[in-house]
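The values are calculated or read from the model by the stated rules, or taken from the named source; none is laboratory data. What you see is a predicted model; the values in this text were computed from it and never measured. Glycine gets a Cβ as well: all are built from the backbone with ideal geometry, and neighbour counts include every protein chain shown.
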There are 4 protein chains.
Amino acid sequence: MGDSFGKLFSITTWGESHGGGVGVVIDGCPAGLALSEEDIQLELDRRKPGQSRITTQRKEQDQAQILSGVFEGQTIGTAISILVFNQDHRSKDYDEMQDLYRPSHADFTFDAKYGRRNWKGGGRSSARETIGRVAAGAIAKKLLSDIFGIETVAFVTQVHDISAEIDHTSVTREQVDANIVRCPHPETAEKMIERIEAVRKDGDSVGGIVSAVVRGCPAGLGEPVFDKLTADLAKGLMSLPATRGVEFGMGFAAVSMKGSEHNDLFEARQGKIRTKTNRSGGIQGGISNGEEILLRVAFKPTATILKPQQTTSNKGEPAELKGRGRHDPCVLPRAVPIVEAMINLVLVDHLLRNLTKKNPESFKKLVT
Amino acid sequence: MGDSFGKLFSITTWGESHGGGVGVVIDGCPAGLALSEEDIQLELDRRKPGQSRITTQRKEQDQAQILSGVFEGQTIGTAISILVFNQDHRSKDYDEMQDLYRPSHADFTFDAKYGRRNWKGGGRSSARETIGRVAAGAIAKKLLSDIFGIETVAFVTQVHDISAEIDHTSVTREQVDANIVRCPHPETAEKMIERIEAVRKDGDSVGGIVSAVVRGCPAGLGEPVFDKLTADLAKGLMSLPATRGVEFGMGFAAVSMKGSEHNDLFEARQGKIRTKTNRSGGIQGGISNGEEILLRVAFKPTATILKPQQTTSNKGEPAELKGRGRHDPCVLPRAVPIVEAMINLVLVDHLLRNLTKKNPESFKKLVT
Amino acid sequence: MGDSFGKLFSITTWGESHGGGVGVVIDGCPAGLALSEEDIQLELDRRKPGQSRITTQRKEQDQAQILSGVFEGQTIGTAISILVFNQDHRSKDYDEMQDLYRPSHADFTFDAKYGRRNWKGGGRSSARETIGRVAAGAIAKKLLSDIFGIETVAFVTQVHDISAEIDHTSVTREQVDANIVRCPHPETAEKMIERIEAVRKDGDSVGGIVSAVVRGCPAGLGEPVFDKLTADLAKGLMSLPATRGVEFGMGFAAVSMKGSEHNDLFEARQGKIRTKTNRSGGIQGGISNGEEILLRVAFKPTATILKPQQTTSNKGEPAELKGRGRHDPCVLPRAVPIVEAMINLVLVDHLLRNLTKKNPESFKKLVT
Amino acid sequence: MGDSFGKLFSITTWGESHGGGVGVVIDGCPAGLALSEEDIQLELDRRKPGQSRITTQRKEQDQAQILSGVFEGQTIGTAISILVFNQDHRSKDYDEMQDLYRPSHADFTFDAKYGRRNWKGGGRSSARETIGRVAAGAIAKKLLSDIFGIETVAFVTQVHDISAEIDHTSVTREQVDANIVRCPHPETAEKMIERIEAVRKDGDSVGGIVSAVVRGCPAGLGEPVFDKLTADLAKGLMSLPATRGVEFGMGFAAVSMKGSEHNDLFEARQGKIRTKTNRSGGIQGGISNGEEILLRVAFKPTATILKPQQTTSNKGEPAELKGRGRHDPCVLPRAVPIVEAMINLVLVDHLLRNLTKKNPESFKKLVT
C-alpha cells in the first residue's frame, strides 16, 4: 500500500535499489499524446547519478523502456509501463548493513514495520525509487507544456548556509542546468559547489532548499477541502526522500505578517482579474488563482556520511559504522528534476479532475 | 471530489457555513469502541467560536448529534454519521460579498472553478468546514488514547513575532488549555493575547505557528513511498484553512546542518533500540521510529480584516471592500484542536494500515 | 470501509434501520445542475414502504432534506448531504432478535464480523440502507436526463415463476408505474400481484427478476480492464440487498449459442456505425457501443417470513423463530427504483471518467 | 483509469497483446511470504495458449520474472513487479484489422472511446491482459493456502449445451486438470472436447459456464454495503473478457423459490453455528458465513470465428471480414485458472480488510 499516487493521472512505482529494476505504471494518461522514450530519458538523465563531480560517482545509465500504452508514437489511453533495469550492483559495499542500522536511514524503521528488509542497499527507501516518479513526471511535463502551456521550473536556492535570491518570474531551465549545482545564480552556484566539495572531502554532507515556480497554470485547480492544491503538492513533495518541510508563497514568513500586509488585493489587468501581489503563491483556499505558483522544499543533509558513527546492530548491540560506498554529499542538484516531476504529476492530476467540475452544459459537448 | 480523507479510517465531510449544517461520515472505525456525543462535544467546544475575547464573537453552540454507527454506547463497525446544524445566520453581513471578491479569500477561486459560489459566507472554504474534522478527530483521539496509549498535544508557539520555547516532552494539554491563546508558556501567552487584542482594535489580523508532539507512537507507522507518515501528515495539515507551511523534526533548520550534526545515532536504552537525539522528529524514511513525533505548522494572518481594501467585482470593476462581520483576528487559538484532530486522523489510519503489513503467521491469529 | 461507491461521482451512505436516520453524501456532482428536494422525494416515494397492498405496511414518509451543496436552486460543486430521519420505530417487534439469528439474514454474519450488531432491526443490512442510494440516484438521473438525454427504465419481468416478455425499446416508466407490481405487461402484472398476495397470506415470500434498459447512452463509457461498464454495473447491482445474480445482453443464454449466432454484425445506419442485433446488450469489451444497454438482476425471496423457522441463538442453542413485523412478501416492486438508481449512479460516474480520456487537444478547450 | 483492482491487496496490470510485454504490480502483499517465480509460473502455465488441441495454437511461453518485492525467497512488504515479455508477434494476421471492426470485439468501442487503438491484436482488450491477474492471483492463492487453509477450485460445468453436475464439496484441482477441457466429470468432458473440436472445424466457437467453490473461508469477509463479498466478486468476474453473467448460491434459480424453500436454517454442528443447507452460497448480507462459497460465471462464445462476417470499416463502409489467426474456439478451459485468480484476489483483499474490523482490544496486540 502506498505505492500509488494521483487520482486520475495515477502512477504506481515499484523497485528496490538492488533488485531486478525499478519502474512505474501510469494509469489515466489521455490518448493522443505524442510520446517517445527520448522524452522520458531526457528527465532521467537530469537525475541520474554520476552526472558531475558533486554527485555520487556511481555509474548507472538508467535507460528507460516503454513497454505498453504507446502505439505508433502516441499514447493510446491505456496503462503506460516504463521499466529501468538495475545495473552496477556493487552490493558488497553493503555487507555490514545486514545487521547494522545506518543512522537516520530507514533500515531500522523498515525492520520495525516488516520484520525484514532488502539490506543490499536502501531497498524501497533508496532514492533510486524516484526514477519511476521522474519517468512519469516526464509524461506529465509533456502534457502540461505541449497542450496547456504550463511550465514548472525548479532550482536550488540554498545549500547549507549559502543562499541565493532568484527572480522566479524570469528564471529559465537553461539557467538552472547551466551549472552542476542547478542554482541559477552563477556566483552563488560556485560557492555552493565549493561547499559541497569541501564537505565531501571531509566525509560529511549538507542539505539545502529547492524552490519552484509554475507559470501558466489556469485558475481553478485544486479541490476545496482535503485535496487542496497545496495539500496534494505538500503530500507529493514530502513523500520525496530527505524532505523535512514545505512552504507555499510567503510560507513560514507569513507568520510574522499582518493581514493588511499579507493579503493580495485584486485588480483588473488586461481584462483579467489578477492580484497586485502574490504573497499567496498562486493558491488561495487551496485552489489556483492564475498567478505563479511558488513553493520551497527543505532537504536535510544526506544521511550517508563517511565519518564513523555510533549505532547498534539489529539486536541492540553497540557498533561503529564506517561509511562506505559512493553517495551524494548533497542531494540538491539531483533533487531539482524530482521536485519538478512531483509538481507536474500533481498539476496534471488536478487538471483532469477539474474537467468534471464545470457546468454540465459545458462538458456535454465533450461527452457526446 | 476531495471531500474524503484517509484510506482505512476514512472521513467524508460536508457542509457550508451558511447552509443547513455541517457534518462528517466516518467509515472504518473498528467495532467495540465506547463512544458518546460528549466525547465529540468536548473537542468541538475547544474549536467553537465565541469561547474567549480573542476569538470571533459569533455565538454558535455547534451541538453534535450522532445519527448512526453507535449502538448502546459502542461503535458497531458501520459508518458513523455526525451532524451539527447551523445557527446564527447573520448573512446580511455578507450582502456585499455577492459581487465582490474578498482579498486572499477563496471567493475568486471558487468562482473560477465552479462558475458560482455560496456567497453568504465562505461556503465550503469557511473554517466552519473543520467541524467535521474535529468531530471525527475526537473518535480517532479516543481510539489512540484508550487503546494504544498514544497522545497528541498541539500548542501555539508563535503569534506574529512573539514566540515561545516549549519543552515538548513535558507539555500537557492542561497547560495548553490553561490560557485562551493556548500557548503553554504563561508569560509569553500574555504577550500573545495583548498582541492579538491590539491588532483586533486596529482592525487587522496576525498569523502564527502551531507545534505538536505525538507521544507513545509505536515504530512502523507510515508506508515507504507515497504514503509516508510525513507525507500524509503534510497533506492533512496543509488541507487546513490558512496553512502556509509544515515542517518535521528540525524542518527548515536542517538545511544548514551537516549530516554529522543532523544524524540521530542509535543506542540501546532499557532493552530497546532508540535514537540518542531526535532531530528526525520521530519519522525516518517516512516511517515512525518510536520516538516523539514533532512538527510545526505555519498559519497566515486571517484574511478577513476590518480595514478597507481595494478589490474588484466579479466583473473586474474596481471596488472598495469594507470588512464587516465577526471574525478571528488570529486563528491560532482555535487551530490547536483542529491540528490535533488532523494528526490523530492520520495516525489512526496508519495504525490500521499497518495491521496488514506483518508476517502472515502473525495476522492469521486475528483473522481466524 | 465499503460505504462509498463511485470514483468521480462518489456517494457515501450511512445509517441503520433503527438509529437516528439514514443519508448520503454525494461528492463530485458538477456545479450548475438545477436541483430541489422534490427531485429527490419523487424517487424516494417510489421506494418507500406502505405504498401499496403488496409492500410492507410500515408507514415511513422518508422525507428528504438537502443540507449542503445546493444554493439558490443549483448545485455548487461541493458535497451534497441528504438526510432522512427515521420514524415508526416499532422495535419491540425485534426483541427476540437480540439473541436469535434470523435465517438467511445478516444477523449471524454481522456478529461474526464485528462481534456485535444493532439488533433492533437489520441495522446496516436493512433495505432501508438503500434510501441513500435512491436519493443520490435521483441526482444522477437528473444529470442524465436533463443534460445528456440518457434514460434508464427498470421493470419487473418475473415474480416467482410468472414471467413477462417486455419490448425494452418501447417500454416507458409510465407503463411501469401504472400498476403496483411495476411489471409493464398489465395481464401478467395481475397474475404477479395475485401470487404475491397468496404467498403473503401463507406467511411466505417470493423472488423475481428486475430487467432494465438504458437508452441514449453514448459509445465509449467504461474502462478497458477492471472498471468495465459491465463490471461496475455488476458490482453496484450485486451490492443491493437480496440480489443473487446479474446478466448482460443474452446473459446466461449466450452460453449455449455459437459465435456465429451471438456476434453482433456492424452496419452503417443513418451515417452511424451500429450493430444489426444487440446480443451484447450495448456493451462490448466492457465499453458501451451506443446501443441500448440491457441487463437483468435476480432477487431471492425475502428472507423474513411469518412461518416458524428453526434456528439457533448466538450461543448455538436450538430455537424456534416466529416471524413478526411488517415486511415485504416480495421485494420486486420496490426494487425497481433502486435498480434504476444504481444504474444511473454508475453511468454518471463513467460519463465523468470518460471526460478525461479524449485527445488532449479536445479537452484543452474545457480546461482553459 | 481502471487498471487497478483491490483496496489493500491492490494489483495494477498493464500491457497489450502486441507491445513490449504484459505485467502486474502488486501493492500490499504482507511481508514474510515465501515466494518464487515457480509459484507464479505454475498458474501461468495453466492459462497459456497452445497447451492442448482445443486451445489456440499460438505458442507463447509466458515466462514470468519477479523484478521487485522479493528478497532471499520471501516477500518484503513492498511492491512486487512481475513482467512477461511478449513473443510470437505474428501481427500480419491483423493487417486487415487496421480499418475493419471485428464483430463483438472491442475494436469499435476502443475507437469510440480513445479515437485510436493498437490494432495489431486486441490491444488492452486482448485476453492476454489476464496474465497479470493470474500472476497476482498465484500470490493470493499462496497466501490463502499456506496460511489460511482456504482453497478455491474452479471447473467447467457447461460447454455450449453440454453440462455436468459436479459435487462441489469433493471436487479436486487434480480432477479438474485431469482433462484438457477442465470439466471434472470425465464422460462429460469427452463430449465437451468433441463439441469444441467440431465447432473449430466449422470455423465457429462456443461459450460455457465456469463454476467455482471456495472451501475453508472464515465467516466475516465482506463489507456491509457497497463492498459486499458478492459485489466485489461480481465486479472481478465481470471484468474478465467474454463474461456475460454471474450468480451466487442458487442464483437465478432462487427467483422461482419461496422464502420457506430458499432460507438456510441455522443449527449447531461440532460446536459451531452452521447452516443446514447452503442455498446462499456461503454469503449472507454480503458477508461470508463460513460455508462453502459457490458461484457460476457465464462466458459467451469467442467473438473471433473463421467464418466470413459482415462488418464496416472505421469510416462506416460495408466490408466482409474473413477470420484469420489462431484463436480459442472456446475460452472455457483457459478461463478456469483466470476465474480462480480473480476469486483469490478478492478473498485476500477482504481478509486484509477484515483485520481492521475487530474489537480494538484484539488488534492492539498486533500493532504494539
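Would you list the strands (runs of 3 or more DSSP E) that sit entirely within segment A:3-72 and hold 1 or more residues that are in contact (Cβ under 8 Å) with a residue 60 or more places away in the chain and not aliphatic (A, V, I, L, M)?
Counting at least 1 such residues, we get A:10-15, A:21-27.
Would you check if A:Leu351 is more than 10 Å from chain B (Cβ to nearest Cβ) and not β-branched (Val, Ile, Thr)?
Working: more than 10 Å from chain B (Cβ to nearest Cβ): yes; not β-branched (Val, Ile, Thr): yes.
Criteria met by A:Leu351.
Do you know which residues across segment B:212-259 are of a type in the set (Ser, Thr, Tyr) and either under 22 Å from B:Ser126 (Cα atoms) or in a loop (DSSP other than H, G, I, E, B) (or both)?
Answer for segment B:212-259, where residues must be of a type in the set (Ser, Thr, Tyr) and either under 22 Å from B:Ser126 (Cα atoms) or in a loop (DSSP other than H, G, I, E, B) (or both): B:Ser239, B:Thr243.
Considering only segment B:133-152, I want to know if a residue exists there that is under 21 Å from B:Ser52 (Cα atoms), within 14 Å of chain A (Cβ to nearest Cβ) and modelled with pLDDT of 95 or more.
Yes, the conditions are met somewhere in segment B:133-152.
Out of the residues in segment B:303-312 that are touching a residue at least 60 places away in the same chain (Cβ under 8 Å) and farther than 15 Å from A:Thr275 by Cβ, which is farthest from the other protein chains (Cβ to nearest Cβ)?
B:Leu306
What is the number of the single condition among (1) at pLDDT 90 or above; (2) over 18 Å from A:Asp227 (Cβ atoms); (3) crowded, with 24+ Cβ neighbours inside 10 Å that B:Trp14 does not meet?
All conditions are met except number (2).
So in segment A:253-299, with the set limited to residues that are in contact with a helix residue (DSSP H, G or I) (Cβ under 6 Å, 6 or more places away or on another chain) and either closer than 23 Å to B:Asp202 by Cβ or without any contact (Cβ under 8 Å) to a residue 60 or more places away in the chain (or both), which one is surrounded by the most Cβ atoms within 10 Å (Cβ to Cβ)?
Once the filter is applied, the top-ranked residue is A:Gln284.
If only one of D:Ile150, D:Ile162 is surrounded by 21 or more Cβ atoms within 10 Å (Cβ to Cβ), β-branched (Val, Ile, Thr) and in contact (Cβ under 8 Å) with a residue 60 or more places away in the chain, which one is it? First the steps, then the outcome.
On the way: D:Ile162 fails: in contact (Cβ under 8 Å) with a residue 60 or more places away in the chain.
Matching residue, one of D:Ile150, D:Ile162: D:Ile150.
Take the conditions aliphatic (A, V, I, L, M), touching a residue at least 12 places away in the same chain (Cβ under 8 Å) and out of contact with any Gly (no Cβ under 7 Å at 6 or more places or on another chain) and apply them to A:Leu229. Does it pass? Steps first, answer last, please.
On the way: aliphatic (A, V, I, L, M): yes; touching a residue at least 12 places away in the same chain (Cβ under 8 Å): yes; out of contact with any Gly (no Cβ under 7 Å at 6 or more places or on another chain): no.
So A:Leu229 does not fit the description; no.
Checking C:Ile209 against (1) part of a loop (DSSP other than H, G, I, E, B); (2) within 8 Å of another protein chain (Cβ to nearest Cβ), only one condition comes out false. Which one?
(1)
Take the residues in segment C:212-251 that are β-branched (Val, Ile, Thr) and touching a Phe, Trp or Tyr at 6+ places or on another chain (Cβ under 7 Å), then tell me which one is farthest from the other protein chains (Cβ to nearest Cβ). Write out each step before concluding.
Kept after step one, since they are β-branched (Val, Ile, Thr), are these residues of segment C:212-251: C:213-214, C:225, C:230, C:243, C:246.
Next, from what is left, pick out any that are touching a Phe, Trp or Tyr at 6+ places or on another chain (Cβ under 7 Å): C:230, C:243.
On the way: C:Thr230: 5, C:Thr243: 7 Å.
For segment C:212-251, the residue satisfying everything is C:Thr243.
Where in segment D:260-343 are there strands (runs of 3 or more DSSP E), lying fully within it, with 3 or more residues that are under 30 Å from D:Ala136 (Cα atoms)?
D:293-299
Mind checking whether some residue in segment C:137-150 is in a loop (DSSP other than H, G, I, E, B) and touching a His at 6+ places or on another chain (Cβ under 8 Å)?
Filtering segment C:137-150 for residues in a loop (DSSP other than H, G, I, E, B) gives C:149-150.
Still in the running and touching a His at 6+ places or on another chain (Cβ under 8 Å): none.
Looking for residues that are in a loop (DSSP other than H, G, I, E, B) and touching a His at 6+ places or on another chain (Cβ under 8 Å), one finds none in segment C:137-150, hence no.
From the list C:Arg195, C:Arg182, which residue is outside any loop (DSSP other than H, G, I, E, B), charged (D, E, K, R) and at pLDDT 95 or above? Explain how you work it out, then say what you get.
Values: C:Arg182 fails: outside any loop (DSSP other than H, G, I, E, B).
Within the list C:Arg195, C:Arg182, the selection yields C:Arg195.
Residue-by-condition table, conditions (1) away from chain D (no Cβ under 14 Å); (2) within 23 Å of the chain's Cα centre (by Cα); (3) surrounded by 24 or more Cβ atoms within 10 Å (Cβ to Cβ):
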site: C:Asp3; (1), (2), (3): no, yes, yes
site: C:Ile40; (1), (2), (3): yes, yes, yes
site: C:Arg47; (1), (2), (3): yes, yes, yes
site: C:Gln51; (1), (2), (3): yes, yes, no
site: C:Glu60; (1), (2), (3): yes, yes, no
site: C:His105; (1), (2), (3): no, yes, no
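Quick grid of which residues meet (1) in contact with a Ser or Thr (Cβ under 8 Å, 6 or more places away or on another chain); (2) under 15 Å from C:Ala298 (Cβ atoms); (3) buried (at least 22 other Cβ atoms within 10 Å of the Cβ):
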position	(1), (2), (3)
C:Cys217	yes, no, yes
C:Gly222	yes, no, yes
C:Lys228	yes, no, yes
C:Thr243	yes, yes, yes
C:Val246	no, yes, yes
C:Gly249	yes, no, yes
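Just checking, which of D:Ala189, D:Ala136 is buried (at least 21 other Cβ atoms within 10 Å of the Cβ) and under 16 Å from the mean Cα position of the chain (by Cα)?
D:Ala136
Being farther than 16 Å from C:Gly216 by Cα, aliphatic (A, V, I, L, M) and facing chain D (nearest Cβ under 8 Å) is the filter here; which residues of segment C:270-302 pass it?
C:Ala298
D:Gly115 passes all but one of (1) more than 9 Å from every other protein chain (Cβ to nearest Cβ); (2) of a type in the set (Gly, Ala, Ser); (3) more than 30 Å from A:Gly121 (Cβ to Cβ); which number fails?
Of (1) more than 9 Å from every other protein chain (Cβ to nearest Cβ); (2) of a type in the set (Gly, Ala, Ser); (3) more than 30 Å from A:Gly121 (Cβ to Cβ), only one is false for D:Gly115: (1).
Show the residue pairs that are 6+ apart or on different chains and have beta-carbon atoms under 7 Å apart, the first residue being within segment C:166-191 and on the phi > 0 side of the Ramachandran plot, the second being crowded, with 17+ Cβ neighbours inside 10 Å.
Between residues of segment C:166-191 that are on the phi > 0 side of the Ramachandran plot and residues that are crowded, with 17+ Cβ neighbours inside 10 Å, the close pairs are C:Arg182/C:Phe155; C:Arg182/C:Val156; C:Arg182/C:Val176; C:Arg182/C:Pro333; C:Arg182/C:Val336.
Tell me whether segment C:169-176 contains one or more residues that are closer than 25 Å to C:Ile283 by Cβ and in contact with a Ser or Thr (Cβ under 8 Å, 6 or more places away or on another chain).
no
Out of D:Thr243, D:Thr304, I need the residue that is at pLDDT below 95, more than 21 Å from C:Ile305 (Cβ to Cβ), among the polar types (S, T, N, Q) and within 24 Å of the chain's Cα centre (by Cα). Which one?
The match here is D:Thr304.
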